[in-house]
Every structure is written in structure tokens, then in C-alpha cells.
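Scroll down for the structure; my scribbles are underneath it.
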Amino acid sequence: MKKYLAISNEVKMAIEKNKPVVALESTIISHGMPYPKNVETALKVEEIIRKNGAIPATIAIIKGKLSVGITPEQIDYLGKKGLDVIKSSRRDIPILVARGEDGATTVAATMIIANLAGIKLFATGGVGGVHRGAETTMDISADLEELSSTNVSVICAGAKSILDLGLTLEYLETKGVPVIGYRTENLPAFYTRESGFKVNYRLDSPLEIAKALKAKEELKLKGAMLITNPIPEEYSMDRNEIDKVIRNAIEEANNLGVKGKDLTPFLLDKIQKITEGRSLEANIQLVYNNARLGAEIAKELSNL
Ligand code: PSU
Ligand code: MN
């Protein structure tokens, strides 16, 4: 297994010494934001994690190696290549490894690689879920299956309403994934602090969350906890406005027949264009907010 992994020295040392480490995904860099904001954001997220006392580990597949703690140059390379890098989920890993190719890892693939490296926490923006219309398209993100089976918990700002949030919650419930609200009872909807749905549990401090993670680990309950952290008030968007933008983006995707792995990046790009970058700014700020919380939970966890 070791021959497939390339872990940076800093991250390797931190894991060995049980220091706090927070994993980060790379699809958000290549497919989630435009260049150069994507690279600036990815580097700033790492800085925020460091400032808050943890070690960042950005994950990607580089020349077929499952790479943990990639360099700023590699982040820049993935960010510049953008959509030309292969968006890689669970199913893509073996092929890219065998061919020695590059891949930007989704939430699912980042969880798998973080787990192989021994990292327990991962911060990002939004997770994939059950798409609207999934009753007929069957479009359900592999992220949800991964959350149900891989022991790497994810801090996110909820999920965008490009998804059917009600069905996403049902799916997670069936799979036994606890959905936690950080200082809230309401499931955040990425750009907005409330989706109209409730989380399973409200937890009010990084320590409380760390204790629940520890109990899950010691009880050997497989899978993740999904920790949802609402976007800071000052950056949140108007719910009616963003819902309308999302509906338009979905309609355009349907008209153009966009589906499969291309759908989420297509919708993200449309939303950013329609809102003239305001949604991008919100997106960036909520990722920073999640990075901070991720570092705080990782610190508590390493002390338990
Ligand atoms: N949602 C976002 N931003 C993102 C993604 C989702 O708000 O960048 C990315 C993540 O990498 C996530 C992936 O794991 O899209 C889900 O893709 P799909 O819906 O095709 O499973
Ligand atoms: Mn899909």
C-alpha cells in the first residue's frame, strides 16, 4: 500500500506524533473555483489552518501517487489546469494510479486517501449529495456512500441547494451518518445559514465535537460525521436570490443535457457567472470559516 502513497514529511511527522492535521480536497481548486482565485484560496486555507494550530494536508493524485500534503507549486499547477485535470472520485483512483496520471480529488476520494494516511478530519466547502430530480436520473454523489463507510469526518457549510437537501438528509439517515450543526439546529445551505431543514444534533464547541468523534472511533462505528458550519452572517446571501439563480442554472443544465460528473462543476460555474462573483466571495469565506473550525476540532481531538 505504501508504494501508492506520497505523504509530505511535515504531514508524516504530524501524524506520527498525533499532532492535529486537517485534510483538504483538490476538486474544489480545479473544478470549484476559477483561476487564480482558486489557488489564492487554497493557499490561504492552508495558512488559516496553520494559524489555528494544525497542519494542513491538501490531497490530490499527482502522477499516479496518492499525494498528501502537496506543495504550493502543485496547488498552482492543479488550479491553472482547472477543468483539464481529471475530477477523481472513488471509481477513478485505480485507473489514474495505474496510468500514472494526475487527478483532483472529490470529497469521496479525499476521504479515502486521508484515511490511508491516518488523517481523521477534513475541511471543505460543500459536499455532494442527492441531486434534484434523482428519482429519475439516479444522480446521487459518491460522497454520500463514502461518508457512510470511511472514518474521516468532514466539516462543510452544508450542501448547496443544487441538491435536494431533504433527500440528501434521508440518505444520510439511512446510512447512519450523523449530521451535526455547529452552534445551530438548522442545516445550513452553503450560501445561506438556513435551508429550512434541521440537523440531527446541535453541538456548541470544538471539544464537544471532538468527544463525539472519539466515541465513534473507539466504538469502531465506521463512517464519518458530517459537521455543518453555517456561513458567517456578514457573507451570507439572500435566500430568494440564490434559489432563483440555482433554478436557472439547473434549467440550463437540463436543456444542454449536462449530466454525470460534469453536472456539479457546470452548476457551480453558472452560479458564479450569474451572480458576478458574489457567490464566489461567499464560497471563499465559508471555506475559511470551515478551515478554522477544522483546526480547532483537530486540536481538541489530538488532546483526547
Ligand atoms: N460542491 C461544492 N463545491 C465543490 C464540490 C461540490 O459546493 O467543489 C465538488 C466536491 O469536490 C464534491 C464534488 O466532492 O464536487 C461532488 O461531485 P458530484 O456531485 O459529481 O459527486
Ligand atoms: Mn453525480
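Each value in this text was obtained by applying a stated rule to the coordinates, not by laboratory testing. Just so you know, these numbers come straight off a predicted model, no measurement behind them. Positions of Cβ are generated from backbone atoms using ideal geometry, with glycine treated the same way; all protein chains shown enter the neighbour counts.
What does the helix-only formula give at 222 nm for the chain: each DSSP H stretch with n ≥ 4 adding -39500 (n - 2.57), the total divided by the residues, and the result rounded to the nearest 500 deg cm²/dmol? Walk me through the numbers before you get to the answer.
Working: 13 runs with 146 residues, N = 304.
Taking each H run of at least 4 residues, the total per residue is -14500 deg cm²/dmol.
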Using 0.36 nm per residue, how much length does the chain from D238 to E73 gain when fully extended, once their Cα-Cα distance is taken away?
55.8 nm
For the stretch 69-109, report the % of Cα-Cα distances exceeding 13 Å.
54
Largest first, please: the extent of the C-alpha atoms of the stretch 225-268 along each principal axis, to the nearest Å.
35, 29, 12
Would you mind listing how long the chain runs along its three principal axes, going by Cα atoms, in whole Å with the largest first?
50, 43, 35
Size-normalised alpha-carbon gyration radius of the stretch 1-131, reference 2.2 N^0.38 Å
0.96
Using a 10 angstrom cutoff on alpha carbons, build the Gaussian network for the chain and name the most mobile of G118, G257, G196.
G257
Work through the residues other than L96 whose Cβ is under 12 Å from its Cβ and net out their charges, Lys, Arg +1 and Asp, Glu -1.
+3
Label N9 and N303 with points 7 Å out from Cα along Cα→Cβ: what is the distance between them in nm?
3.0
Relative contact order (%) - the stretch 63-109, alpha-carbon pairs under 8 angstrom, separation at least six
49
Taking Cα pairs closer than 8 Å and at least 6 residues apart, the relative contact order of the chain in percent is 20
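Below 8 Å, C-alpha to C-alpha, sequence gap of six or more: please give me the relative contact order for the stretch 163-304 in percent.
Working: 164 pairs, mean separation 38.6, N = 142.
This gives 27 percent for the stretch 163-304.
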When all alpha-carbon pairs of the stretch 173-279 are counted, what percent fall beyond 23 Å?
45
From fewest to most C-beta neighbours within 10 Å, the residues D204, D143, D262 line up as D204, D262, D143
Determine the gain in length on full extension of the stretch E173-I95; use 0.36 nm per residue of separation and subtract their C-alpha separation, reporting nm with one decimal.
24.9 nm
